[in-house]
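One structure is given here, and the rest of the page talks about it.
None of the figures in this text is laboratory data; all of them are computed from the coordinates on show. Worth saying up front: this structure is predicted, and the values here are computed from it rather than measured. Heads up, the Cβs are rebuilt from the backbone with ideal geometry, glycines too, and the neighbour counts pull from every protein chain shown.
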Amino acid sequence: MLFSSIVFLFYFLPAVLALYYLFRFNVPIKNAILLVASLFFYAWGEPWFLFVMLASILGNYFLALFVDKYREKPQKAKFFVVLSVVLNIGLLFVFKYLDFIIRNVNQVTGRNLPLTGLALPIGISFFTFQAMSYVIDVYRGNGEVQKNPFYVALYIAFFPQLIAGPIVRYETIAQQIRHRTETVDKFAVGVCRFISGMGKKVLLSNNFAIIADRIFDGYQSGNCPVTLAWLGSFAYTLQILFDFSGYSDMAIGLGLMFGFKFEENFNYPYISKSIGEFWRRWHISLGTWFKEYIYFPLGGSRVKNMDIVLRNMLVVWVFTGIWHGAEWTFLIWGLINFAALVFERFVDFEEIKGHDALRWFYTMFIVNLGWVIFRAENLVYAGNYIKCMFGFGGGGFFSSYALMYLKEYGIYFIAAVIFCIPFGKRMNYLITKDQVSKPALQILNTLYPLAMIGMFLICVTSLVKGSYNPFIYFNF
């Protein structure tokens, strides 16, 4: 079930909200409502996926209990932590990577080993990471073990962030599961945040998806004109931002409607002036997870030996690449980011002053090129497309189709540029800090809810019409 679907917006969400607020003063009942709703939400598309997630929940629940039980016996506790990591990574490996390994073994050896054909459970990369972090945090003493299995289940299965993040650490939400307050202000902010995210997804990402898919899929073998190839890469660069950040905004908004506060996941990454800054702004919860559970345990940057630091960075970026998908393109994409970060570290890139425009151009060039590889179905396809971007694809330079797309979708590109910069954030700051005149403030306070209602109606109209509505996150 998608957030940006009629079933979710007009059937599922209203029913869950009505039941939840009917029992809002009874914590066990309202948590039970959220848990049942979350399990139903997850089972909507493929019911058997639910058993995979329930197995993960129960396994990690018991492993955390064993870790806590043997806290005074570090070796035994560590054994159960390692077992949790092995089981979670094993689950992810079987469903996400096993067929990829078999295909590559067949290509290298000439054998014909059968593929498993297992479908990828939705959100498995997210809920396995959350489950692992729960057990590890119990071992580290960063959070108390949860004796109530239903609370662990709600933490892992909570539907707002189940299939698209942000990745939530248990210690940040444990208190909220047991004690939280719902207020009119929270609910109102949550609704506006949800609608803003839906606008990003339905009005921006979906329209850029039309351009990107037509260009990328239409020129897999090359022969794409230079201008059209670059336009396709720009379209995908904007599509993936507004798809990912739109769903994160919707998740954060839904959490607020139910009294939960999630951490921010995107912070205007396309204004970054280095790859390092970009990754502090892009998918923040994922970057934090890799730092907390892989980079820092390996020693991070605190070791004196630069070779060890580079090794630690390489391990993180190999894992970051393959986390996103079972294809060589994702590994290469991760290694490109690793190489850029190593370059920036050695030249002290972020300390270079007075060349912000040049630093931004460099950053977006690397990011845009990386997204082309990320989008490609395989390395051959990526190579063909990149050759077209630089005039070696045999398709010439100018394309009338590029001009046509700019004319037809120009308004979306303009809107995208505005929403890529902190324009809205700045406006909110001015309003909340009373930096505008009272008459202007009254006008803004009147227009804002009307704008939200208008955006919601436009999004619903688009969905009712059956407009193109792909979901990139399903691939992960």
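For this structure, a couple of remarks:
- For Gly393, residues with placed amide H under 5 Å, excluding near neighbours: Cys388
- Per-residue ³J(HN,Hα) for segment 197-209, Karplus 6.51 cos²θ - 1.76 cosθ + 1.60, θ = phi - 60°, Hz, x for Gly and Pro: x, 5, x, 4, 6, 7, 8, 9, 4, 5, 6, 5, 4
- Equivalent-ellipsoid semi-axes for segment 241-351 (Cα gyration tensor, √(5λ), whole Å, largest first): 27, 15, 15.
- Ordering 196-206, 323-333, 456-466, 359-369 by mean Cβ neighbour count within 10 Å, with the highest value first, yields 196-206, 323-333, 359-369, 456-466.
- Helical mean residue ellipticity (222 nm; -39500 (n - 2.57) per DSSP H run of 4+; nearest 500) of the chain: -22000 deg cm²/dmol
- Karplus (6.51, -1.76, 1.60) ³J(HN,Hα), θ = phi - 60°, over segment 376-388, in Hz, Gly and Pro reported as x: 5, 6, 7, 5, 5, 4, 4, x, 4, 5, 5, 4, 5
- Put simply, when 181-189, 145-153 are sorted by average Cβ atoms within 10 angstrom per residue, most first, you get 145-153, 181-189.
- Flagged links, alpha-carbon separation over 20 Å, of Lys69/Lys147; Lys201/Lys465; Lys273/Lys407; Lys147/Lys261; Lys186/Lys261: Lys273/Lys407; Lys147/Lys261
- Cβ-placed point charges (K, R +1; D, E -1), dipole of segment 6-180 about Cα centre in debye, nearest 20: 320
- Centre-to-centre separation between the Cα atoms of segment 342-408 and those of segment 19-59: 43 Å.
- Rounded to the nearest Hz, the phi-derived 3J(HN,Hα) couplings of segment 68-82 under the Karplus curve 6.51 cos²θ - 1.76 cosθ + 1.60 (θ = phi - 60°) are 5, 4, 9, 4, 7, 10, x, 5, 5, 4, 5, 4, 6, 5, 4, where x marks glycine and proline.
- Summarised as an ellipsoid, segment 53-162 has semi-axes of 31, 17, 9 Å, derived from the eigenvalues of the Cα gyration tensor scaled by 5 and square-rooted, with the largest first.
- Rg to Rh quotient for the chain, alpha carbon positions, Kirkwood Rh: 0.97
- Segment 6-180: relative contact order as a whole-number percent, Cα under 8 Å and 6+ apart: 28
- Evaluated with a Cβ-only charge set (Lys, Arg +1; Asp, Glu -1), segment 186-475 carries a dipole of roughly 580 debye about its Cα centre, given to the nearest 20.
- Across the chain, C-alpha contacts under 8 Å between residues 6 or more apart give a mean separation that, scaled by the residue count, equals a relative contact order of 18 percent.
- Cβ-based exposure ranking for Tyr134, Tyr293, in which fewest neighbours within 10 Å come first: Tyr293, Tyr134
- Mean Cβ neighbour count within 10 Å, used as a protection proxy, ranking 53-62, 298-307 highest first: 53-62, 298-307
- Our summary gives segment 26-124 a relative contact order of 21 percent, counting only alpha carbon pairs under 8 angstrom and 6 or more residues apart.
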